[in-house]
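Take a look at the structure set out below.
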Amino acid sequence: FMISDEEHGEIGKIIRTEEYPSSEMWIVLRDGKEIMIPVTDQFIIEIDYPSKTIRYQAPEGLFEL
């Protein structure tokens with residue numbers, strides 16, 4: 001699946017999911033680096049299975065880390 005953010009545009013491709021005590025995280029390949037995106041209904045706007053895309057609204061500051 002490809003994931004895109006409402007404000008930042010295309011984020012990257014989800015390469016795997018990892019489970020942590022607080023929540024699941026998508027590991028996304030972005031600009032050759034792996035970043036972690038929290039998997040929560042609060043941030044997921046839409047999952048389009050036929051096109052394998054996810055529209056996401058990242059929490060403020062997520063991409064500044």
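Observations, loosely collected:
- What the chain shows is 72 Å² of accessible area per residue, with the surface traced by a 1.4 Å probe over protein heavy atoms.
- Whole-percent carbon and sulfur share, accessible surface of the chain, 1.4 Å: 48
- Placed amide H near THR40: partners under 5 Å, 5+ positions off or other chain: none
- Fully extending the segment from ASP41 to GLU6, taken as 0.36 nm per residue of separation minus the present Cα-Cα distance, adds 11.1 nm.
- Taking all protein chains together and a 1.4 Å probe, the residues GLU7, GLU18, GLU60, GLU24 rank GLU60, GLU7, GLU24, GLU18 from largest to smallest accessible area.
- Net charge of the neighbourhood of GLU18, taken over other residues with C-beta under 12 Å away and scored Lys/Arg +1, Asp/Glu -1, is -2.
- Our estimate of slack between ILE15 and GLU34, defined as 0.36 nm per intervening residue step minus the Cα-Cα distance, is 6.0 nm.
- Answer label, with semi-axes √(5λ) of the Cα gyration tensor in Å calculated from the coordinates and candidates (i) 24, 12, 6; (ii) 16, 14, 13; (iii) 22, 16, 9: (ii)
The values are calculated or read from the model by the stated rules, or taken from the named source; none is laboratory data. What you see is a predicted model, and the numbers here were worked out from it, not measured in a lab. All Cβ positions, even for glycine, are placed from backbone atoms using ideal geometry, and neighbour counts span all protein chains on display. Accessible surface is based on the protein model in full, side chains and every heavy atom, while ligands, DNA and RNA are left aside. Shrake-Rupley method; radii C 1.70, N 1.55, O 1.52, S 1.80 Å.
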